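Here is the structure we will look at, set down as C-alpha cells.
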Amino acid sequence: MVKLVSDTIDRSDIDSLIEWLKQDPIPRLTKGELTQKLEHKWATKIGTKYSVFVNSGSSSILLTLAALKELGRLGNGKVIVPSLSWATDVSSPMLLGLDPIMCDCNLEDLSCDLDHLEKLFKHHNPGALILVSPLGLVPKMKLVLELCKKYNVLLLEDVCESMGSKYKNEYLGSFGTASFFSMYFGHHLSTIEGGFINTNDEELYHMLLMMRSHGWDRDLPKWKQNELRDKYQCSDFDALYNFYVPGFNLRATDLQAYIGLRAIDKLDKYCESRNNNFLYYLHHIKDNQLNIKNKKNNFVSNFAMPIVNKNRNKIVKKLIDENIEVRPLIAGNMATKPMWTKNYPTVSLPNCELIENFGFYVPNHQYLSKKNLTKIITIINQ
C-alpha cells in the first residue's frame, strides 16, 4: 500500500516519551510549562512574537474568530472564506453568528481568485479574510497583502496544509493578523492532535489565552492579570474562578507538548523531502489542468500533489486498484455541501466546480520512494 500520509512520530519519540513518563514524581501531563516552551519554540520558528497551542487546527480557527469578535475587530461580521477549503474554515464563522462569504479559487496555486476576491471586498466590506494555502502551494502574497490593506480587511492565514512553505524566505503564517496550523496525524508534523495560532498582536494574544481556558486570567502575564483585577475589583483569591470573557476549553496537554518539542526539529528535513517530491511530480506529470509552477520566490512544502484531469474517475480507479491511496482535491467546493446549501443561497464558483468534478490528490510525504513516485506518475500519464 502506498500511503497518502506518513506518521511523523517515530519509535525514538515513543521511547523518549516513555522515559519522560517514568520520571518520579510523575511529570505534569495537562497544560503546563512544556506547553509554554513549545509555544515559544514554535513562534520563534515561524517568526512571530506569540504562539498559542490548542487541541486542534480547527480549534485554532474557531478560537481566533471568537477572540476577534469579542474584541470588536470584525467590522460588519462578514468573513471571506475560500470555497476550496476545509469544513471548519466555513463552519467556524457560521457557528459564531458571523456571515461567511464564499470566494472562488484560482487554478495556479488553488488559493483565492484575486479578481473575485476584490469584487467581494468592494461589495461586502468584510472584516476578515481566511486565506487558505491549499496543499502547501504558496498564494500571491504580495497582491493579497495589498488588497487587504487597500480595503482594510484582517488577513487570517490557514496554513494547516502548508507548514514550512515560504514566500520570499518567510514562512507562511507570519504575514497575517493571525495564522492557523494543524498538528494532526498525517500533517507535516504531529502531536497526535493539536494546533497553533501565531500572531504578533499582543491584545489578540491575551484574548486567545483567556478564551482558550474558560475566560479566566491564569495564563496571562502578571501585569495583565493585575490590570484586569484592578479594573473589576477582584481579589487574587476570587480571581481563581473569575471569568472576564466568555471562553472555551480548547487546551492541549504537556504530553502533546513533549512530542511537539521534538517534532519541530524535524520540520526542515521533512519539508525538503516534500519539496523534492513536488518538483519531481511537477516535472513529470503530463496532463494536469492546473497551471502550477515552481516560482523562484516560493518554497513549496507540499502536503499532497493536486491534479485536475478529465479522466479522473478512470485514474482514481486505477490508483486504488494498485493500492495507492488517493483523495478528492480537499473538499472540492464547500458551497455544494449540505452544511452550506441548507443555510445559504447557491453561488457560482466555476473554478471550484471544475475541481469538484475533476480534481484529486495523490501522496506526498517524507518517506515516499522514487519508485512509488514514478508508479503514481505513470498511472496518471497513461
Problem set entry | Residue among 184, 205, 171 that alone is more than 25 Å from residue 72 (Cβ to Cβ), within 20 Å of the chain's Cα centre (by Cα), among the aromatic types (Phe, Trp, Tyr) and open to solvent by 30 Å² or more (accessible area, probe 1.4 Å) | 184
For this session: Please work out which residue is farthest from residue 147 (Cα to Cα), limiting yourself to the stretch 55-101 and to residues that are assigned to a strand (DSSP E or B) and either open to solvent by less than 10 Å² (accessible area, probe 1.4 Å) or modelled with pLDDT under 95 (or both).
Result: 100
For this session: Read through the list (1) β-branched (Val, Ile, Thr); (2) modelled with pLDDT of 95 or more; (3) open to solvent by 20 Å² or more (accessible area, probe 1.4 Å), then give the number of the only condition that residue 362 fails.
Result: (3)
Exercise. So is residue 291 in a loop (DSSP other than H, G, I, E, B) and either over 18 Å from residue 106 (Cα atoms) or open to solvent by 20 Å² or more (accessible area, probe 1.4 Å) (or both) or not?
Worked result: yes
Seminar exercise, completed: Reported set for the stretch 219-241 where residues are within 16 Å of residue 207 (Cβ to Cβ) and open to solvent by 50 Å² or more (accessible area, probe 1.4 Å) is 223, 227, 231, 232
Problem set entry | Output for the stretch 107-128, where each listed residue is open to solvent by 20 Å² or more (accessible area, probe 1.4 Å) and assigned to a loop (DSSP other than H, G, I, E, B) | 107, 108, 113, 125
Exercise. If you go through the stretch 324-358, how many residues are open to solvent by less than 60 Å² (accessible area, probe 1.4 Å), in contact with a helix residue (DSSP H, G or I) (Cβ under 7 Å, 6 or more places away or on another chain) and over 22 Å from residue 99 (Cα atoms)?
Worked result: 5
For this session: Would you mind stating whether residue 133 is buried (at least 19 other Cβ atoms within 10 Å of the Cβ) and closer than 18 Å to residue 45 by Cα?
Result: no
Seminar exercise, completed: Flagged pairs (Cβ under 6 angstrom, 6 or more apart or on separate chains; first in the stretch 349-365, within 22 Å of residue 376 (Cβ to Cβ); second open to solvent by 40 Å² or more (accessible area, probe 1.4 Å) and assigned to a helix (DSSP H, G or I)) are 358/312; 360/312
For this session: Give the residues of the stretch 208-218 that are assigned to a loop (DSSP other than H, G, I, E, B) and open to solvent by less than 10 Å² (accessible area, probe 1.4 Å), sorted by residue number.
Result: 215, 217
Problem set entry | Of all residues making up the stretch 328-355, the number that are under 16 Å from residue 108 (Cα atoms) and in contact with a Pro (Cβ under 9 Å, 6 or more places away or on another chain) | 4
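Within the stretch 242-287, restricting attention to residues that are hydrophobic (A, V, I, L, M, F, W, C) and in a loop (DSSP other than H, G, I, E, B), which residue is most open to solvent (accessible area, probe 1.4 Å)? Explain how you work it out, then say what you get.
Step one: filter the stretch 242-287 for residues hydrophobic (A, V, I, L, M, F, W, C), giving 243, 245, 248, 250, 252, 255, 257, 259, 261, 263-264, 267, 271, 278-279, 282, 285.
Within this subset, residues satisfying the condition of being in a loop (DSSP other than H, G, I, E, B) are 243, 245, 248, 250, 252, 285.
Details: 243: 107, 245: 17, 248: 64, 250: 19, 252: 6, 285: 21 Å².
That would be 243.
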Problem set entry | Qualifying residues in the stretch 1-48 (those that are in contact (Cβ under 8 Å) with a residue 40 or more places away in the chain and among the basic types (Lys, Arg)) - the one farthest from residue 373 (Cα to Cα) | 28
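Is one or more of the residues making up the stretch 145-153 at pLDDT 95 or above, touching a strand residue (DSSP E or B) at 6+ places or on another chain (Cβ under 8 Å) and in a strand (DSSP E or B)?
Looking for residues that are at pLDDT 95 or above, touching a strand residue (DSSP E or B) at 6+ places or on another chain (Cβ under 8 Å) and in a strand (DSSP E or B), one finds none in the stretch 145-153, hence no.
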For this session: Taking residue 347 as the residue in question, decide whether it is in contact with a strand residue (DSSP E or B) (Cβ under 6 Å, 6 or more places away or on another chain), within 22 Å of residue 9 (Cα to Cα) and not polar (S, T, N, Q).
Result: no
Exercise. So is residue 15 at pLDDT below 95, among the acidic types (Asp, Glu) and either at positive phi or open to solvent by 50 Å² or more (accessible area, probe 1.4 Å) (or both) or not?
Worked result: no
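The values are calculated or read from the model by the stated rules, or taken from the named source; none is laboratory data. Computed from a predicted model, the values in this text were never measured in an experiment. Neighbour counts are summed over all protein chains in view; Cβ atoms, including those assigned to glycine, are modelled from backbone coordinates with ideal geometry. Protein only, heavy atoms only, side chains kept; ligands, DNA and RNA dropped before computing areas. Shrake-Rupley method; radii C 1.70, N 1.55, O 1.52, S 1.80 Å.
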